[in-house]
Structures are given as structure tokens and as C-alpha cells.
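Read the figures in this text as sums done on the coordinates, not as results from a lab. As the structure is a computational prediction, the values presented were derived from the model and not from experiment. Here Cβ is always computed from backbone atoms with ideal geometry, including for glycine, and neighbour counts include all displayed protein chains.
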Amino acid sequence: MNNRRNFLRTAGATALGTAAVTRVGAASLPEAASQASPKTQPPLVPKTGRPYSPVATLNGWTLPWRMKAGVKEFHLVAEPVVRELAPGMKANLWGYNGTSVGPTIEAVEGDRVRIFVTNRLPEPTSIHWHGMLLPSGMDGVTGLTQPAIAPGTTFVYEFLLTKSGTFMYHPHADEMLQMAMGMMGLFIVHPKDPEQYKVDRDFVLLLSAFDIEPGSATPKVNTMLDFNLWTWNSRVFPGIDPLVARTGDRVRIRVGNLTMTNHPMHLHGHHFEVTGTDGGWVPQSARWPEVTTDVAVGQMRAFEFDATAGDWAFHCHKSHHTMNAMGHAVPTMVGVDARGVAEKITKLIPDYMHMGDRGMHDMAEMEMPLPDNTLPMMTGSGPFGAIGMGGMFSVLKVRDNQKPGDYNDPGWFKHPPGTLAKAYTGNLGEPARGRASTADERTFNARKPTGHEGH
Ligand SMILES: [Cu+2]
């Protein structure tokens with residue numbers, strides 16, 4: 001709502017100091033509002049143009065627009081930004097209109113959109129409208145379909161939205177660096193008939209990843225696979241807001257993936273259906289129930305379910321993606337009695353921290369000195385203690401009394417009597433046990449190696 005007001009206040013009152021803009025008329029550029037805080041902004045209810053049910057961008061916002069002679073006009077500004085990944089850590093990224101990820105663009109099937117793109121980066125850029133059906137010359141591929149947008153200049157894209165669905169935008173110029181720096185956003189095209197595919201809550205998030213050394217703030221842009229911060233809308237848990245719904249709500253979650261690897265998105269407590277893919281909506285007859293859906297690189301997935309009361313974990317199922325920054329070159333210490341060793345090492349390396357011989361849960365509860373500007377590897381706390389998660393993790397909070405349209409965090413779930421796991425102190429019989437190995441395996445293990453096996 002705030003964004004909308006800011007937009008209305010500043011629209012038309014802006015002069016941009018670039019030469020290329022004058023051709024399209026500087027006074028006609030809708031001014032770029034920015035996100036007020038890294039909290040999830042309330043859905044931007046359309047006041048002009050065709051009606052639709054807006055999405056909620058987790059820890060993000062929707063780009064305001066204005067109608068001009070029947071065309072929906074947007075203004076994206078590519079620029080360096082500072083993004084708080086979670087309280088305690090800020091990153092120097094590149095993004096759009098003050099944020100990475102950039103604001104969500106929302107429009108309606110049948111809309112004609114005109115999108116001004118101003119480049120305030122130190123190098124050329126472009127925007128590719130990922131998944132969109134449009135004229136080849138609007139596809140945004142530097143060198144192939146357009147010259148690069150030079151620093152300090154503005155380009156204009158204009159096309160008709162022929163299909164509803166979940167799409168993305170990102171640069172197609174120095175892509176490796178610009179996407180590693182956080183340049184990306186979601187582009188939601190709503191159906192022309194607002195009743196079609198209508199849901200009660202429609203959350204959107206974009207998967208990105210960064211490699212930022214603890215204590216520094218700028219991503220290492222040449223990293224191929226070993227990222228240490230796995231983000232939703234450029235936030236990591238516990239900096240990711242909960243997804244809030246009312247019991248019985250039809251909830252849609254849309255996920256786009258612009259990282260360098262796939263992410264199996266897993267939701268507890270519900271069976272969902274994938275209702276949308278890269279190319280649009282999945283027909284009813286082709287949907288099947290899931291609890292995890294893999295989102296490959298460059299893909300978008302929308303899935304829907306009927307919300308059940310509770311606090312439900314929602315996360316990427318690659319367990320290293322629910323962790324924050326940490327070196328992975330740490331030996332596994334489970335089961336190692338290292339007390340003597342630790343003493344000896346401490347004499348050589350005074351800062352040596354011994355960890356992990358009883359598992360790594362201790363890490364989640366430990367408070368240890370960290371360099372400035374980094375986050376604990378496993379963190380976040382719930383009503384029962386440490387959650388021990390970071391990265392791509394949040395909580396779906398479903399409540400009977402959550403008001404329609406209210407996205408405020410309702411606090412922790414109050415479990416009905418008899419529905420909560422608890423400590424048990426009664427008598428237990430002997431538990432069933434599997435045998436350690438078969439007779440054949442014991443014989444195999446007792447053999448003397450010949451020196452050639454395994455080659
Ligand atoms: Cu993942």
C-alpha cells in the first residue's frame with residue numbers, strides 16, 4: 001500500500017538525467033518506488049487496469065505501474081544495492097529498484113506492457129523475460145536481439161502478455177556475474193478471468209545463491225557450485241518471513257530457480273499438486289499429489305494445497321541448503337573421542353574449536369564469536385528451542401482465526417491437547433534390532449586382501 005502511495009506521489013515528478021530517455025519522454029517515466037523494509041510487503045491490490053488477485057512476494061514487494069493510453073508502464077532500474085540477508089548480515093549485491101531480488105512485476109493476460117529499463121550499473125546489461133512468449137526482438141539477449149544497455153542509458157521493452165503464468169526476468173549480459181550478484185525478479189501474469197485459478201493466498205519466491213566469505217559482503221562471482229548462502233528472494237532463514245494462511249485456505253506457492261543447481265522443495269503436513277510449470281497451467285487431469293517438487297535450474301513451479309492448522313516446515317530438501325555460511329572442509333567427528341587431540345591441537349592453534357563428536361546439534365545452540373557480517377551456520381529458534389536451520393527454510397503458519405488477507409506473523413502454534421510429541425519416562429520392552437551383518441558379510445570382511453581387489 002505504501003509503495004502504491006509513494007508511486008502516486010512521485011509519478012511524473014521525476015527527471016532522469018540520461019540522454020536515451022528523452023526519446024521516450026522523461027516526464028512519462030513512472031518513477032521507481034522501493035521496498036520500505038525487508039519484510040514481506042502487503043500484496044499490491046490493483047487500482048487501475050484489469051482486476052486480479054495479487055501475489056505476496058516473500059520478503060519482497062511488487063513494482064507499482066501506471067496506465068498510459070491503455071498500456072501498463074513499469075520502470076526497472078538496474079543498480080548496486082545493499083541487501084540484508086538476515087539480521088546481522090548485509091551483502092553488496094546488484095539488483096533492481098533498490099533491492100535484490102528485484103520487485104515482482106504483476107500484470108494480466110491481454111495487457112500490453114511497456115517496461116523502461118535504466119542501467120545504473122558500471123557495465124552493460126539487458127533484461128530477458130524468462131518464459132514469456134513475445135517478439136524475438138523483445139527477448140533481451142545482448143548481441144543477439146539487441147545491443148547491450150550501456151551504463152547511464154535506458155531501454156524500453158514493449159509486448160503483449162498472451163498467456164498467464166509464472167515467469168522471471170534476469171539479465172542476458174555478463175550473466176554469470178550479474179546473476180551471481182543477485183539480478184533477478186519474478187514476473188507474474190494473472191489470468192484475464194480473475195475467477196480462473198483463483199486461490200486465497202499466492203506466495204512467490206525466487207531461489208538464488210551467493211558465495212560470500214564470512215566477514216566480507218560481496219559475493220565471489222566466479223563460484224560455480226560451492227555456494228555458502230542459499231536464499232529465497234535473497235534472504236536466508238531466520239531472515240525469511242513465515243508463510244501465513246488461514247485453515248482451509250487454498251494456498252499457492254510459486255517458485256523460480258536461478259541458482260546453479262536444482263532444489264527439491266518440500267512441504268510438511270500437506271499433499272500438494274503442481275498446478276503450474278514454465279509453460280503455464282497444468283490441466284486438472286494431469287496433476288498428481290506430491291510432498292516434494294524439484295525445481296531445476298531455470299524452471300518455475302506453482303503448487304497448491306488446502307491449508308491445515310499448524311506450524312509446518314517448508315524447505316529445500318538438500319540438507320546443505322538449509323545451512324548458512326561455513327567452510328565444508330571440516331572432518332566428520334561423529335563418534336571420535338578427540339579430547340586428548342583437542343588439547344594437543346590447542347597448544348599449536350589457540351583458536352582451534354573442537355566440534356561435532358556428538359553430532360552437530362551443539363552447533364545450533366552454541367554462541368560463538370563470529371566475524372563481523374556473517375551468520376551462524378544453523379540458527380533460528382522456535383517455541384521448543386533451537387531449530388538449527390539456515391538458508392532455504394521457512395515455516396508455513398496456518399491458523400483457524402487468521403483473518404483473510406492478514407499476513408502478519410501469528411506467533412507459534414498452540415497444539416490441541418494430545419497432539420504433541422513429548423518425553424516418555426515409562427517402562428520400555430526390549431526393542432527389535434536388525435543383525436549387524438549376515439554370515440556371508442562376516443566371511444567377506446574376514447578375508448585377507450589380495451592387493452588387487454577394487455581395481
Ligand atoms: Cu536446495
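Brief remarks on what is shown
- Peptide ranges 110-120, 148-158 listed from the most packed, as the mean C-beta count within 10 angstrom indicates: 110-120, 148-158
- Mean-position separation - Cα centroids, the stretch 210-237 and the stretch 246-266, in angstrom: 20
- Residue (of MET168, ASN257, GLY279) at the positive-pole extreme of the stretch 161-302, dipole from beta-carbon charges: GLY279
- For the stretch 65-101 and the stretch 137-162, distance of Cα centres in Å: 18
- Debye, to nearest 20: dipole size of the stretch 241-287, +1 on Lys, Arg Cβ, -1 on Asp, Glu Cβ: 120
- Label positions at SER37 and MET176, each projected 7 Å from the Cα along the C-beta direction, are separated by 4.0 nm.
- With eigenvalues of the C-alpha gyration tensor scaled by 5 and rooted, the stretch 79-193, Å: 24, 18, 11
- LYS198/VAL71 FRET efficiency (R0 45 Å; Cβ-Cβ; nearest 0.05): 0.95
- Residue order, fewest to most beta carbons within 10 Å, for HIS320, HIS270, HIS75: HIS320, HIS270, HIS75
- Take the Cβ atoms of LYS347 and MET224, set R0 to 35 Å, and the FRET efficiency comes out at 0.35.
- At full extension, THR443 and SER381 could sit 17.5 nm farther apart than now, given 0.36 nm per residue minus the alpha carbon distance.
- Modelled FRET efficiency - R0 25 Å, ARG250 with LEU133, Cβ distances, 0.05 increments: 0.35
- Out-of-range pairs (alpha-carbon distance over 32 Å; input LYS68/LYS198; LYS318/LYS347; LYS192/LYS318): LYS318/LYS347; LYS192/LYS318
- Of the peptides 133-139, 240-246, the order by per-residue mean of other Cβ atoms within 10 Å, starting with the highest, comes out as 240-246, 133-139.
- Mean separation of Cα pairs under 8 Å and 6 or more residues apart, divided by the residue count, gives the stretch 111-207 a relative contact order of 30 percent.
- Gain in span if fully extended, LYS90 to ALA313, counting 0.36 nm per residue against the direct Cα distance: 77.8 nm
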